[in-house]
Amino acid sequence: MRIGFIGLGTMGEPMAARLLDAGHAVTVHNRTRAREEPLAARGAGRAATPREAARAAEVLCTMVSDTPDVEAVLFGEDGAAAGLEPGAVVLEMSTIGPEAVRSMHARLAEQHVSLLDAPVSGGSEGAQQGTLSIMVGGEEAALERVRPLLEVLGKTVTYVGPSGAGQVAKAMNQVIVAGTYAAVAEGLALGLAAGIDVEAAHRAVSGGAAGSWGLTNRGPNMLRNTYPLGFRVRLHRKDLGIALDTAAALGVPLPVAAYVAQLETGLIKRGFGDEDVSAIARVVREQAGLES
Ligand code: NAP
């Protein structure tokens, strides 16, 4: 397939690389153009603007940070919408608000372009290994056209409903991640404070009912008190904002998510916003008197 790919950050770069390696014709664009170079060296085309990346693309993938950034790359000056041909499919894979995505879907439908919200879970490891979980909202027929491409990126591709539903599923995911990471950090702080062999204890509890992706993949970093990327604290804070806004509109209280959002606001204020979201453990450790 002819694919345009916009946004080559932690997630976008390995995802575009996988599509290239699977034999697709991929044209990439990144705001900081130098980030296109490693992919160009592996055979990707380069586009000077989002509009150029969209030209002749059967599928356009966007993987940028937040709602205003997706607005900018799709509808801003030299935005992709101006380059898309009728019949193209936009795979919007960033995590943004469900309402915003519905409005983008409606705008693109006017030019006979189908937008699928297809946010992902599984971290940078999942992007590299093609093991992401992808939750898709929009027209099911459009999903069937792009499913082979999504299967290069993810091990589960799940249709969850009309436009915006994928982003609601992702908000659920981020609420669950918030609670899990906070609980993992608290459990490990307890073991550290008690002075037991926490690495052995970590191995033991990982195999039982407390086992989770966060415990297995981020627990060791929490024990070392180092938080390499990963997934930035500031991006998870953005996602909890989406979840809390969505919940407020529905009248649903999310006290654990609200608590973790406050921890993350403090981390960002203190300059830790670009660490991995497992840095929640910094605060938990400090509160336990484990770190200054
Ligand atoms: P990232 O490493 O911070 O990369 C962000 C990318 O977006 C960069 O390519 C950046 O370009 C581009 N960008 C940001 N604002 C832009 C704008 N206004 N115009 C054009 N380009 C813009 O972020 P990431 O970790 O790859 O995350 C991307 C999306 O995936 C986010 O929505 C995030 O919530 C979601 N996500 C991330 C993970 C994870 O584990 N990292 C997991 C699941 C979902 P520059 O290079 O020029 O800055």
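The values are calculated or read from the model by the stated rules, or taken from the named source; none is laboratory data. Note that the coordinates shown come from a computational prediction; the quantities given were computed from them, not determined experimentally. Positions of Cβ are generated from backbone atoms using ideal geometry, with glycine treated the same way; all protein chains shown enter the neighbour counts. To get the accessible areas, we keep the full protein, side chains included, count just its heavy atoms, and leave off ligands, DNA and RNA. Shrake-Rupley method; radii C 1.70, N 1.55, O 1.52, S 1.80 Å.
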**Complete:** Of those in segment 1-15 that are hydrophobic (A, V, I, L, M, F, W, C), over 15 Å from residue 73 (Cα atoms) and part of a loop (DSSP other than H, G, I, E, B), the residue nearest to the ligand (Cβ to nearest atom) is 11
**Prompt:** Going through segment 100-116 one residue at a time, which ones are more than 14 Å from residue 59 (Cβ to Cβ) and either of a type in the set (Gly, Ala, Ser) or open to solvent by less than 20 Å² (accessible area, probe 1.4 Å) (or both)?
**Reply:** 100, 101, 103, 104, 106, 109
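Quick check on segment 226-253: of everything there that is small (Gly, Ala, Ser) and either modelled with pLDDT under 95 or in a helix (DSSP H, G or I) (or both), which residue is nearest to the ligand (Cβ to nearest atom)?
230
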**Item:** residue 144 vs. criteria open to solvent by less than 60 Å² (accessible area, probe 1.4 Å), of a type outside the set (A, V, I, L, M, F, W, C), out of contact with any His (no Cβ under 9 Å at 6 or more places or on another chain) and assigned to a helix (DSSP H, G or I)
**Value:** no
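Please state which one of 81, 72 is more than 12 Å from the ligand (Cβ to nearest atom), assigned by TED's automatic domain parsing to the domain that holds residue 31 and not polar (S, T, N, Q).
81
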**Complete:** Flagged in segment 184-238 as touching a Phe, Trp or Tyr at 6+ places or on another chain (Cβ under 7 Å) and on the phi > 0 side of the Ramachandran plot, in numbering order, are none
**Request:** Could you tell me whether any residue of segment 45-59 is charged (D, E, K, R), more than 9 Å from the ligand (Cβ to nearest atom), over 19 Å from residue 113 (Cα atoms) and buried (at least 16 other Cβ atoms within 10 Å of the Cβ)?
**Result:** no
**Request:** Considering each of 151, 186, 139 in turn, give the residue that is without any contact (Cβ under 8 Å) to a residue 24 or more places away in the chain, open to solvent by 70 Å² or more (accessible area, probe 1.4 Å), more than 14 Å from the ligand (Cβ to nearest atom) and not small (Gly, Ala, Ser).
**Result:** 151
**Prompt:** Scanning for something farther than 22 Å from residue 67 by Cβ and surrounded by 15 or more Cβ atoms within 10 Å (Cβ to Cβ), does segment 230-248 turn up at least one residue?
**Reply:** no
**Asked** When segment 16-44 is examined, which residues are found to be among the basic types (Lys, Arg), in contact with a Leu (Cβ under 8 Å, 6 or more places away or on another chain) and within 11 Å of the ligand (Cβ to nearest atom)?
**Response** 35
